[in-house]
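Nothing in this text is a laboratory measurement; each read-out follows from the coordinates by a stated rule. Since the model is a prediction, treat every value here as computed from it, not as a measurement. Cβ placement follows ideal geometry from the backbone for every residue including glycine, while neighbour counts extend to all protein chains displayed.
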Amino acid sequence: MDNQRSIRNSVRAASEWLDDHPKFLLGAIHKNFDTIEIVSYSYSEDKEGVKQVLSDARTKGVKFEKEYADNSLDIKLKLPNNLNVRVTFSRESVCTRRVVGKKVVIKEVATGWREEEVEEDIVEWDCSPLLSEM
């Protein structure tokens, strides 16, 4: 029964987080044993949204991690009541994309699924510390 109570508390906390952050769209809710994870995202290049999430986490003493992928930034929050929140932003909302070169790669092309050489940008990202600007 305690596990069910924990899940209900996590769902309440998830609802409160979504109510407190209405600009972020709900992508999915996952249950993993006694932990609930909300997956949320912002369509826009929203540096202020990133700052809001990080500032809110810092103010409330919530632990968080930032994880950069190719074109996205995930902020992972560990909230009370076994609730994890992952908010995904466009990486361009906090970083500057720089093309530093070109490379030739072989890709499959949908026209007959044949391979051909194509040129791709080689990209690096300049990311400034987000919390230092607040």
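Structure data summary
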read-out	value
Directionally averaged projected area (convex hull, Cα atoms, the chain), nm²	11.2
Exposure proxy ranking, count of Cβ atoms within 10 Å, fewest first, for S55, S42	S55, S42
Longest DSSP-loop-exposure-free segment, chymotrypsin sites (Phe, Trp or Tyr not before Pro), the chain, at most 13 other Cβ within 10 Å	44-112
Estimated vicinal HN-Hα couplings, Hz - the stretch 106-123 in sequence order (Karplus 6.51, -1.76, 1.60; Gly, Pro = x)	9, 10, 7, 10, 5, 6, x, 6, 9, 8, 8, 7, 9, 9, 10, 6, 9, 10
Helix-derived mean residue ellipticity, 222 nm - over the chain, DSSP H n ≥ 4, -39500 (n - 2.57), to 500	-8000 deg cm²/dmol
3J(HN,Hα) from dihedral phi, the stretch 3-11, Karplus parametrisation 6.51/-1.76/1.60, rounded to Hz, x for glycine, proline	4, 5, 5, 4, 5, 4, 5, 5, 5
Proxy reagent accessibility, fewest Cβ within 10 Å first, across C95, C127	C127, C95
Those lysines that a straight Cα-Cα span of less than 26 Å connects to K76, excepting residues fewer than 8 apart in one chain	K23, K31, K47, K51, K60, K63, K66
